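Chemist: Quick one: the structure is below, and I'll ask about it shortly.
The values are calculated or read from the model by the stated rules, or taken from the named source; none is laboratory data. Given the structure is predicted, the values throughout are model-derived calculations rather than measurements. Glycine gets a Cβ as well: all are built from the backbone with ideal geometry, and neighbour counts include every protein chain shown. Just the protein is used for accessible areas: all its heavy atoms, side chains included, with ligands, DNA and RNA removed. Shrake-Rupley method; radii C 1.70, N 1.55, O 1.52, S 1.80 Å.
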Amino acid sequence: MSLAPFDAATLFGLMGAILVGLGLYGVVLLESFLRRLLAFNLLGGGVFILFGVVARRGAGAGFSGDPVPQALVITGIVVAFCATALAITLIERLGEEDGDDASGGGS
Amino acid sequence: MNAAMLATTPGGGLLVAAITVPVIGILLLWLVRPRDVETVALAALLANLGVALAVLEKVAAGAAPLVYLIGGWQPPLGLALRADGIAAVFMAMAAIVLVPVAVYARGQFGAPGERRPMVFWTMLLAITAALNLIFLGEDLFNLYVALELLTFAAVPLVSLDGSRETLKAALRYLVFALAGSVLYLLGVAIIYGAYGTLDLGGLAALRGPDGALLVAVGLMTAGLAAKTALFPLHLWLPPAHAGAPPAASAVLSALVVKGSFFIALRLWFDLLPPERAVAGSTLLGVFGAAAVVVGSAMALRQARLKLLVAYSTVAQLGYLFLVFPLGLGSGAAPFESTAWTAGALQLMAHAFAKAAMFMAAGLVYEAIGHDRIAEFRGLGRIAPLTVLTMTLASISLMGLPPSGGFSAKWLMLTAAFGEGAWWWVLVIAAGGLLAAGYVFRILVPAFTPPEEPAARKKPVVVTREAAALALALAAILIGFLPLAPWPLLAVGRIAAGAP
């Protein structure tokens with residue numbers, strides 16, 4: 001490894017790993033559903049960055065990146081968006097049932 | 001198997017139909033008049049059953065898998081659909097379970113035109129499509145999308161009645177499921193980074209004793225275990241499955257949790273090099289054994305029927321994970337082993353028996369207005385057919401002969417004895433005894449004559465009782481299949497021809 005310790009792919013890989021770690025911590029240990037949902041989005045963001053890193057590392061034949069992981073990430077983002085929308089709807093309904101702030105109603 | 005040799009086989013179009021028929025059904029639901037919704041959904045499920053049986057017939061007759069290349073593109077560029085023996089069997093099993101569930105669910109969710117029946121029937125067909133895609137998919141990312149479709153269709157069913165408890169149960173289920181699928185996706189990223197392909201057939205040819213593959217499969221298995229409710233990640237299951245309407249619980253417990261299990265099965269038996277898989281499979285077996293014991297013990301302590309049945313699901317899913325150590329530890333080709341057949345039989349027997357059990361639990365609730373087990377005296381007089389259904393389903397859950405549950409557990413015991421693995425024998429035997437304990441807690445009061453004659457709260461609908469009874473009978477009938485490894489289940493397995 002050269003003196004400049006990180007190339008871009010390694011840097012983003014590490015960032016992705018940190019996001020995955022933070023997100024996993026939040027999903028497992030946080031109390032409220034809203035926070036856990038946000039943690040899930042961090043976790044997802046970390047995984048998507050790793051896909052980007054994979055795209056850069058897998059570039060061959062003169063391309064600057066492998067397009068397949070990027071296509072996968074777009075699908076992944078759509079899926080994560082849908083998941084978030086579904087969860088938000090449920091949290092909102094739960095808040096209506098509780099008559100107060102839903103974010104306090106985790107378990 | 002060489003991925004480059006894949007081509008669409010005759011009859012491959014059926015695989016496309018398996019996924020599109022339920023989706024077309026969903027579109028039709030929203031086009032027809034509200035009072036025709038149930039008929040259209042039932043027709044779509046019957047068509048799906050026809051497709052699934054045709055696929056099974058073709059795979060069995062040709063003793064070769066059906067393949068369809070989407071758009072004619074070869075993997076790794078394109079996506080393949082492939083029905084091998086076990087996929088065809090499970091697809092037919094799911095299709096068979098769905099029809100009685102639909103018959104049972106007719107008219108249960110309020111008047112036509114309201115929101116709840118629309119949600120239920122849409123989600124039921126969406127679950128059908130997602131399960132078929134899981135059974136047929138060959139691409140790991142395609143399977144991820146299918147898993148998410150399955151989750152998104154299953155979660156609304158949990159909170160269908162909109163009460164506070166079910167909303168919380170649904171959210172908790174969603175959190176577990178989403179965390180599980182992100183872990184799965186992380187594994188997909190690692191596999192793509194290491195191998196540059198996500199096609200299972202292509203990966204099986206490339207696989208080696210590789211650290212990246214082990215890490216990826218480990219992450220994916222953890223994610224899938226959360227979705228399958230493997231102990232100790234089972235905490236979401238009992239409130240979710242007990243709170244859903246009975247018809248929905250039947251589908252969730254019988255089929256939805258099996259989707260993620262099926263993918264885990266494929267990862268371990270198709271992707272991992274056998275010598276690496278053996279060590280990890282013991283760990284999965286230990287979790288499975290713990291699930292059998294803890295799930296059964298929790299079921300023994302429940303005061304309400306639906307929670308008891310839900311905890312019994314935790315226990316019965318535990319047996320499925322014993323397939324990993326028993327199937328991989330024998331040293332023989334895993335797909336021809338007794339354990340492989342035992343796992344498939346256990347999965348089917350549990351699906352039939354558990355769907356029947358949840359549907360019967362719903363009928364009990366309607367007959368006497370509650371599901372407190374302590375007050376079941378005289379149930380046999382009030383709802384004889386329902387109690388018969390519960391008895392037959394219980395025979396299979398306990399593993400008494402003749403039943404699918406007996407065959408599955410007998411084959412598992414045979415496999416465990418064959419490998420000299422007496423500790424699994426202990427678990428299987430203890431699980432059977434505990435299961436007997438919890439089902440007799442239901443059946444003994446139900447068969448006790450009442451102190452004073454009681455009346456039904458609601459009139460009985462014979463077709464609904466018959467639907468539950470048909471599923472319980474199916475659980476018994478598969479016990480008459482031969483007690484030997486089943487050649488159909490080995491058809492077209494990826495590793496069968498690979499070194």
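Chemist: With the requirement that a residue be within 13 Å of the chain's Cα centre (by Cα) and either crowded, with 21+ Cβ neighbours inside 10 Å or facing chain B (nearest Cβ under 10 Å) (or both), what does segment A:27-41 give you?
Modeler: So in segment A:27-41, the residues within 13 Å of the chain's Cα centre (by Cα) come out as A:27, A:36-41.
Result: A:Val27, A:Arg36, A:Leu37, A:Ala39, A:Phe40, A:Asn41.
Chemist: Another one. For segment A:60-99, which positions are facing another protein chain (nearest Cβ under 7 Å), in contact with an Asp or Glu (Cβ under 9 Å, 6 or more places away or on another chain) and either open to solvent by 40 Å² or more (accessible area, probe 1.4 Å) or of a type in the set (Gly, Ala, Ser) (or both)?
Modeler: The answer is A:Cys82, A:Ala83.
Chemist: Search segment B:133-143 for residues being assigned to a helix (DSSP H, G or I) and more than 12 Å from the chain's Cα centre (by Cα), and hand back the single one that is surrounded by the fewest Cβ atoms within 10 Å (Cβ to Cβ). Talk me through it step by step, then tell me what you get.
Modeler: We begin by selecting, within segment B:133-143, every residue assigned to a helix (DSSP H, G or I); these are B:133-136, B:140-143.
Among the residues that remain, those that are also more than 12 Å from the chain's Cα centre (by Cα) are: B:133, B:136, B:140-143.
Numbers: B:Leu133: 23, B:Leu136: 27, B:Leu140: 25, B:Phe141: 23, B:Asn142: 21, B:Leu143: 26.
Among them, the one singled out is B:Asn142.
Chemist: Within the bounds of segment B:448-455, is there any residue that is open to solvent by less than 50 Å² (accessible area, probe 1.4 Å) and not in a helix (DSSP H, G or I)?
Modeler: Looking through segment B:448-455, at least one residue is open to solvent by less than 50 Å² (accessible area, probe 1.4 Å) and not in a helix (DSSP H, G or I).
Chemist: Can you tell me which residue is surrounded by the fewest Cβ atoms within 10 Å (Cβ to Cβ) among those in segment B:362-376 that are assigned to a loop (DSSP other than H, G, I, E, B) and in contact (Cβ under 8 Å) with a residue 12 or more places away in the chain?
Modeler: Kept after step one, since they are assigned to a loop (DSSP other than H, G, I, E, B), are these residues of segment B:362-376: B:369-371, B:376.
This time we only want the ones that are in contact (Cβ under 8 Å) with a residue 12 or more places away in the chain, so: B:369, B:371, B:376.
Values: B:Gly369: 12, B:Asp371: 21, B:Phe376: 24.
For segment B:362-376, the residue satisfying everything is B:Gly369.
Chemist: Which of the residues spanning segment B:128-156 are within 21 Å of B:Leu167 (Cβ to Cβ) and either of a type in the set (Phe, Trp, Tyr) or without any contact (Cβ under 8 Å) to a residue 24 or more places away in the chain (or both)?
Modeler: Listed by number, the residues that qualify are B:Phe152, B:Val155.
Chemist: Taking segment B:377-426 as the search range and keeping residues that are in a loop (DSSP other than H, G, I, E, B) and of a type in the set (D, E, K, R), which one is least open to solvent (accessible area, probe 1.4 Å)? Reasoning before the result, please.
Modeler: So the first thing to find is which residues in segment B:377-426 are in a loop (DSSP other than H, G, I, E, B), and the list is B:377-378, B:383, B:399-403, B:419-421.
Now narrow it down to the ones that are of a type in the set (D, E, K, R): B:377, B:419.
On the way: B:Arg377: 109, B:Glu419: 64 Å².
Going through the qualifying residues, I end up with B:Glu419.
Chemist: For residues that are aliphatic (A, V, I, L, M) and more than 10 Å from every other protein chain (Cβ to nearest Cβ), scanning just segment B:198-213, find the one that is most open to solvent (accessible area, probe 1.4 Å).
Modeler: Ranking the candidates gives B:Leu206 first.
Chemist: Counting only residues that are over 26 Å from B:Ala475 (Cβ atoms) and within 20 Å of the chain's Cα centre (by Cα), which one in segment B:82-130 is surrounded by the most Cβ atoms within 10 Å (Cβ to Cβ)?
Modeler: If we take residues in segment B:82-130 being over 26 Å from B:Ala475 (Cβ atoms) and within 20 Å of the chain's Cα centre (by Cα), then B:Arg82 is surrounded by the most Cβ atoms within 10 Å (Cβ to Cβ).
Chemist: I would also like to ask the following. Quick test of your reading of the structure: B:Pro75 fulfils all but one of (1) open to solvent by 40 Å² or more (accessible area, probe 1.4 Å); (2) part of a loop (DSSP other than H, G, I, E, B); (3) in contact (Cβ under 8 Å) with a residue 12 or more places away in the chain. Name the failing condition by number.
Modeler: (1)
Chemist: Among the listed residues B:Ala279, B:Ala297, B:Ala222, B:Ala303, which satisfies the condition of being without any contact (Cβ under 8 Å) to a residue 12 or more places away in the chain, open to solvent by 30 Å² or more (accessible area, probe 1.4 Å) and of a type in the set (Gly, Ala, Ser)?
Modeler: Result of the check over B:Ala279, B:Ala297, B:Ala222, B:Ala303: B:Ala279.
Chemist: To continue, here is another question. Quick check: is even one residue across segment B:427-434 open to solvent by less than 70 Å² (accessible area, probe 1.4 Å) and free of Cβ contacts under 8 Å to residues at least 24 places away in the same chain?
Modeler: Checked against the condition, which is being open to solvent by less than 70 Å² (accessible area, probe 1.4 Å) and free of Cβ contacts under 8 Å to residues at least 24 places away in the same chain, segment B:427-434 yields at least one hit.
Chemist: State whether the residues of segment B:341-360 include one that is over 22 Å from B:Ala299 (Cβ atoms) and polar (S, T, N, Q).
Modeler: yes
Chemist: Of (1) farther than 21 Å from B:Ala146 by Cα; (2) touching a residue at least 12 places away in the same chain (Cβ under 8 Å), B:Ala61 satisfies all except one. Which?
Modeler: Going through the list (1) farther than 21 Å from B:Ala146 by Cα; (2) touching a residue at least 12 places away in the same chain (Cβ under 8 Å), B:Ala61 breaks only (2).
Chemist: Return the total of residues in segment B:166-197 being closer than 20 Å to A:Ala80 by Cα, more than 7 Å from chain A (Cβ to nearest Cβ) and either in contact with an Asp or Glu (Cβ under 9 Å, 6 or more places away or on another chain) or of a type in the set (Lys, Arg) (or both).
Modeler: Looking only at that region, the number is 2.
Chemist: If I filter segment B:279-298 for residues that are over 18 Å from the mean Cα position of the chain (by Cα) and in a loop (DSSP other than H, G, I, E, B), do I get at least one hit?
Modeler: no
Chemist: So, of the residues in segment B:171-209 that are among the aromatic types (Phe, Trp, Tyr) and within 30 Å of B:Ala153 (Cβ to Cβ), which turns out to be farthest from the chain's Cα centre (by Cα)?
Modeler: Only one residue fits best here, namely B:Tyr192.
Chemist: I'd like to verify a number: residues in segment B:156-165 that are part of a helix (DSSP H, G or I), crowded, with 24+ Cβ neighbours inside 10 Å and facing chain A (nearest Cβ under 10 Å), how many? Don't jump to the end; show me each part of the working.
Modeler: Looking only at segment B:156-165, we keep the residues that are part of a helix (DSSP H, G or I), and these are B:156-158, B:164-165.
Filter once more, so that each one left must be crowded, with 24+ Cβ neighbours inside 10 Å: B:157-158.
Now restrict to residues that are facing chain A (nearest Cβ under 10 Å): B:158.
Of the residues in segment B:156-165, 1 are part of a helix (DSSP H, G or I), crowded, with 24+ Cβ neighbours inside 10 Å and facing chain A (nearest Cβ under 10 Å).
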